[in-house]
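Enquirer: Once you've had a glance at the structure underneath, I'll fire off some questions.
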Amino acid sequence: MRTLILLFFICSSIFGQTNKIEILNFNGIYETKCDSVDTDGEKSFIRFYPNQKVITVTTECDATVFDLKTWFNLKKEDISIGNYQIKNDTIFFSTTNKYGTVIYKGKVTENGVLQLKLKSLINGFKNRNEYQFIEIPDLK
């Protein structure tokens, strides 16, 4: 009986867990949405890589992920780049560029929406954003 219980716990711990990295998509970019009446606003984009790297970009509302496709390159200069970690169902990361660092914390919902809180160490700005995933064919 002891052996059976031990075997059950081992199997459930091995097969019952989802690979934490599977909650993220790597074949595209996450983006926020702008209000339809917001002509002066900004939207944000995030790309995650399987090697725990992450890039963030903020632009005007009229930009699309396809306009920015070449910006999401780990070798590109002057980008905001960092590393992410996933603990349980929470993702943590910070990105840094020449102006400073922004810290992020959040979750991916069952529907694949990335919900993040952010805090800028550049100017103290805090915000919450929801990001939708946009698949991009042939993204390198």
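Enquirer: Being out of contact with any strand residue (DSSP E or B) (no Cβ under 7 Å at 6 or more places or on another chain), in a loop (DSSP other than H, G, I, E, B) and not aromatic (F, W, Y) is the filter here, so list the residues in the stretch 64-76 that pass it.
Expert: T64, D67, N73, K75, K76, listed by residue number.
Enquirer: Exactly one of (1) over 20 Å from P137 (Cα atoms); (2) surrounded by 13 or more Cβ atoms within 10 Å (Cβ to Cβ) is unmet by N88. Its number?
Expert: (2)
Enquirer: Considering each of I134, I81, I91 in turn, give the residue that is within 24 Å of E22 (Cβ to Cβ) and at pLDDT below 95.
Expert: I134
Enquirer: Filter the stretch 13-34 down to the residues that are outside any loop (DSSP other than H, G, I, E, B), of a type in the set (V, I, T) and surrounded by 10 or more Cβ atoms within 10 Å (Cβ to Cβ), then identify the one that is modelled with the lowest pLDDT.
Expert: Filtering first and then ranking leaves I21.
Enquirer: How many residues does the stretch 26-39 hold that are in contact with a strand residue (DSSP E or B) (Cβ under 8 Å, 6 or more places away or on another chain) and either without any contact (Cβ under 8 Å) to a residue 40 or more places away in the chain or among the charged types (D, E, K, R) (or both)?
Expert: 4
Enquirer: List the strands (runs of 3 or more DSSP E) inside the stretch 77-140, counting only whole elements, that have at least 3 residues being in contact (Cβ under 8 Å) with a residue 12 or more places away in the chain and aliphatic (A, V, I, L, M).
Expert: Filter on the stretch 77-140 gives 100-108, 114-120.
Enquirer: Check the stretch 77-85 and report whether any residue there is among the charged types (D, E, K, R), closer than 21 Å to F26 by Cβ and surrounded by fewer than 18 Cβ atoms within 10 Å (Cβ to Cβ).
Expert: no
Residue-by-condition table, conditions (1) over 17 Å from the mean Cα position of the chain (by Cα); (2) among the polar types (S, T, N, Q):
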| position | (1), (2) |
| --- | --- |
| D40 | yes, no |
| F45 | no, no |
| I55 | no, no |
| W71 | no, no |
| S80 | no, yes |
| N83 | no, yes |
| K87 | no, no |
| G106 | no, no |
| V113 | no, no |
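Enquirer: Quick one: in the stretch 37-49, of everything that is aromatic (F, W, Y) and buried (at least 20 other Cβ atoms within 10 Å of the Cβ), which residue is nearest to G82 (Cα to Cα)?
Expert: The residue in question is F48.
Enquirer: Now for a different question. Anything in the stretch 50-75 that is in contact with a helix residue (DSSP H, G or I) (Cβ under 8 Å, 6 or more places away or on another chain) and either acidic (D, E) or surrounded by fewer than 16 Cβ atoms within 10 Å (Cβ to Cβ) (or both)? List them, or say none.
Expert: P50
The values are calculated or read from the model by the stated rules, or taken from the named source; none is laboratory data. Quick caveat: nothing in here was measured; it's all calculated off a predicted structure. Note that we place each Cβ from the backbone using ideal geometry, even for glycine, and neighbour counts take in every protein chain shown.
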